[in-house]
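So that we are looking at the same thing, I have put the structure below in structure tokens.
The values are calculated or read from the model by the stated rules, or taken from the named source; none is laboratory data. Just so we're clear, the structure is a prediction, and the values are computed from it rather than from any experiment. So basically every Cβ, Gly included, is an ideal-geometry build from the backbone, and we count neighbours across all protein chains shown. Heavy atoms of the whole protein, side chains included, go into the accessibility calculation; ligands, DNA and RNA do not. Shrake-Rupley method; radii C 1.70, N 1.55, O 1.52, S 1.80 Å.
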Amino acid sequence: MPDACLFCKIASGDIPATIVYQDDEVLAFQDIAAQAPFHILVIPRRHIATLNDLEAGDQKLVGSVVTTAARIAREHGHAQDGYRTVFNCNRGAGQTVFHIHLHLLAGRNMTWPPG
Ligand code: 5GP
Ligand code: ZN
């Protein structure tokens, strides 16, 4: 992993975050600049810079990221009203931290299309 990767440092505990779930593969924590009343980031512990860097063997890991987001949404009471999940890939899509992360946003109505 690159030394400078912020989310690797959160995964290792070197930088604090409000963690809502973790296991051997994935970690979920509150976004520091929430864009909704409920805004969680779900990351793989392993450093993967962008979705472009995924390999065939990463399917199970990405599945764990997505199912973790769905379970957290359900456990926090957002399954019925709904929630949004977003992977931004590269700068043109708004990616600013280059360690893949799934945004989980809930607690307000969402508009479409996104900006
Ligand atoms: P991106 O723009 O790459 O899709 O999303 C990066 C997200 O990481 C942003 O929503 C931003 O608020 C969040 N973020 C940036 N730095 C930190 C940090 O130090 N701690 C936490 N918890 N979130 C961060
Ligand atoms: Zn990383």
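Considering only residues that are crowded, with 16+ Cβ neighbours inside 10 Å, among the hydroxyl-bearing types (Ser, Thr, Tyr) and assigned to a helix (DSSP H, G or I), which ones fall in the stretch 58-115?
Hits for the stretch 58-115 are 64, 68.
Here is a follow-up. Consider the stretch 6-19. How many of its residues are surrounded by 11 or more Cβ atoms within 10 Å (Cβ to Cβ) and within 11 Å of ligand 1 (Cβ to nearest atom)?
Total satisfying the criteria: 7.
Among the candidates 36, 4, 56, 28, single out the residue that is touching a residue at least 40 places away in the same chain (Cβ under 8 Å) and over 13 Å from the mean Cα position of the chain (by Cα).
36 is the lone residue from the list that is touching a residue at least 40 places away in the same chain (Cβ under 8 Å) and over 13 Å from the mean Cα position of the chain (by Cα).
Which ones in the stretch 20-46 are more than 16 Å from residue 96 (Cβ to Cβ), open to solvent by 40 Å² or more (accessible area, probe 1.4 Å) and either within 14 Å of ligand 2 (Cβ to nearest atom) or not in a strand (DSSP E or B) (or both)?
Residues satisfying the conditions are 23, 24, 25, 37, 45, 46.
Show the residue pairs meeting these rules: Cβ distance below 9 Å; 6+ apart or different chains; first residue within the stretch 95-115 and in contact (Cβ under 8 Å) with a residue 24 or more places away in the chain; second residue among the aliphatic types (A, V, I, L, M) and open to solvent by 80 Å² or more (accessible area, probe 1.4 Å).
Listed by first residue and then by second, the contacts come to 99/1.
A follow-up question, please. Would you mention how many residues in the stretch 39-57 are away from ligand 1 (no atom under 16 Å from the Cβ) and under 23 Å from residue 17 (Cβ atoms)?
1
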